[in-house]
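Worksheet: one structure, shown below.
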Amino acid sequence: MNPGEKQAEIYTYEAPWLIYACNWSVRRLRSFCCLCVVHIALYVRNDKKLRLGIGSFLEEYENKVEIVTLDEETGKFLNDPNLRFDHPYPCTKLMFVPDKECQHEDLMATTGDFLRIWKINEDVGGTAKEKANEKEEERENDDGNTNISNNNNNKRNLKKGGGGGGGGRDTNTEKPSTSGQQEKQQQQQQQNASNKQQEDGKIELRALLANNKNSEFCAPLTSFDWNETNVNRVGTSSIDTTCTVWDIERECVDTQLIAHDKEVHDIAWGGPDVFASASADGSVRVFDLRDKDHSTIIYENPEIGVPLLRLGWNKQDPRYMATFGMDSKVVAIIDIRFPTLPVAELKRHASSVNTLAWAPHSSCHICSAGDDAQALIWDLSAINQLSEGGLDPVLAYEAGAEINQLQWSATQPDWIAIAFSRSLQILRV
């Protein structure tokens, strides 16, 4: 894919910060019923067709998450300030609820220190803002009435010969704040600012899910995956060697498993009750929630001691997975029917692989990207007739810098999103 040949098929959004997390909205179908005297018509339209969420990578506590949408008529991304919010630490992953038919609320999840569920009120079109404006007008009216009342009181006091400050507060009688009180005031100010941001915006925090809310410490979450069959179920992976399955409707832990001997770097659902995880111990393991006492090791990195970083499960053909190790140029394709050895290795990257994504509409296509600034699409249909030289990609795109993130749109399968440096690019393939 030559960028010069298909300029109209590549769109770029420049963020004010480095981008790490990104993902596509999954809302596709929305039905409308049109009533008239003659007939009843039911029609369907695309909803949030080219909407994406992006997360910043800043080496500080306060980070950002933003939702942007491509306007296909102008070819420009729309970025509503009300669809941008602060996020504690960089989010390791973000996802929209996998709800293609719009049967549930418009939700987004992020991981970092905790799992957070956010509600997006974009469809209500500024209702939250209007309410905030109404509250502000009420406060201004109250302040105006108070000022009039105070002025009248002051005039009466002056007529009586009293001091003009008779209706005020003697600030000299206040006790100086201790350091603890100051700290509490600062925390309250930060909380008020955060609450005001959510009140003014179109995104609100629906739930903050933590294993132990009473503890000051938490094990960071490295990744998560949203179950497509049961959207109330979200699985997270953590550096504390566990995988946790959450019931986000009840806002509680459904199951927590000690999944590996070392940090768990990624998790992926392969069905309503089955998930897999990749770990720093170099293994990929499969778990079935119907039999929590057992797990199956289906792959171990041949490079002893090298962690596996990411895992992708083929949704069209769940017999196949893909993974890669730290600082590795190779993507391993795994057939879970034949554990231990990969059925193919993709070896055309010139530098470390950072991310991968299976095609949502095809069982034999996968895309990988990495530090060589290349996004490569592979066709695995001839996987059994590989030559000694290995498989070559069928499409290649070169970005302007190392690619940190890659996502293939589930509802618009001819679009791929990549993130590098401060740029989000979507490519039609």
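The values are calculated or read from the model by the stated rules, or taken from the named source; none is laboratory data. No experiment lies behind these values; they were computed from the predicted model shown. As a convention, Cβ positions derive from the backbone with ideal geometry for all residues, glycine included, and neighbour counts pool all protein chains shown.
Go through (1) crowded, with 19+ Cβ neighbours inside 10 Å; (2) at pLDDT below 95; (3) not charged (D, E, K, R) and name the single condition C33 misses.
(1)
Anything in the stretch 401-419 that is over 24 Å from P90 (Cα atoms) and assigned to a strand (DSSP E or B)? List them, or say none. I'd like the intermediate steps shown before the answer.
So in the stretch 401-419, the residues over 24 Å from P90 (Cα atoms) come out as 410-415.
Listed by number, the list holds a single entry, W415.
When you go through (1) in a loop (DSSP other than H, G, I, E, B); (2) buried (at least 17 other Cβ atoms within 10 Å of the Cβ) one by one for A109, which number turns out not to apply?
With (1) in a loop (DSSP other than H, G, I, E, B); (2) buried (at least 17 other Cβ atoms within 10 Å of the Cβ) applied to A109, the lone miss is (1).
Suppose we keep only residues that are among the charged types (D, E, K, R) and over 20 Å from E228 (Cα atoms) within the stretch 259-279. Which one would you say is surrounded by the fewest Cβ atoms within 10 Å (Cβ to Cβ)?
D261
Check the stretch 247-258 and report whether any residue there is crowded, with 23+ Cβ neighbours inside 10 Å and hydrophobic (A, V, I, L, M, F, W, C).
No, because not a single residue in the stretch 247-258 is crowded, with 23+ Cβ neighbours inside 10 Å and hydrophobic (A, V, I, L, M, F, W, C).
Check whether at least one residue in the stretch 36-43 is closer than 23 Å to Q407 by Cα, aromatic (F, W, Y) and either modelled with pLDDT of 95 or more or part of a strand (DSSP E or B) (or both), and report yes or no.
Residues of the stretch 36-43 closer than 23 Å to Q407 by Cα: none.
For the stretch 36-43, residues closer than 23 Å to Q407 by Cα, aromatic (F, W, Y) and either modelled with pLDDT of 95 or more or part of a strand (DSSP E or B) (or both): absent.
For the stretch 347-390, what are the residues that are under 15 Å from L309 (Cβ atoms) and in contact with a Phe, Trp or Tyr (Cβ under 6 Å, 6 or more places away or on another chain)?
V353, A357
With (1) out of contact with any strand residue (DSSP E or B) (no Cβ under 7 Å at 6 or more places or on another chain); (2) surrounded by 15 or more Cβ atoms within 10 Å (Cβ to Cβ); (3) under 20 Å from W313 (Cα atoms) as the list, and G282 as the residue in question, which single condition is left unmet?
(1)
Report, by residue number, each residue of the stretch 398-420 that is touching a strand residue (DSSP E or B) at 6+ places or on another chain (Cβ under 8 Å) and surrounded by fewer than 18 Cβ atoms within 10 Å (Cβ to Cβ). If you could, list the steps in order and put the result at the bottom.
As a first pass, look at the stretch 398-420 and keep what is touching a strand residue (DSSP E or B) at 6+ places or on another chain (Cβ under 8 Å): 398-412, 414-420.
Hits for the stretch 398-420 are E398, G400, A401, E402, D414.
Name the residue, out of K131, K100, that is under 30 Å from G55 (Cα atoms) and at pLDDT below 50.
Among K131, K100, only K131 is under 30 Å from G55 (Cα atoms) and at pLDDT below 50.
For L52, indicate whether it is closer than 27 Å to D225 by Cα and modelled with pLDDT of 95 or more.
Working: closer than 27 Å to D225 by Cα: yes; modelled with pLDDT of 95 or more: yes.
Yes.
Results for (1) modelled with pLDDT under 90; (2) under 16 Å from the mean Cα position of the chain (by Cα); (3) under 19 Å from Q425 (Cβ atoms), shown as yes or no for each residue.
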| position | (1), (2), (3) |
| --- | --- |
| F77 | no, no, yes |
| D80 | no, no, no |
| F85 | no, yes, no |
| C91 | no, yes, no |
| K119 | no, yes, no |
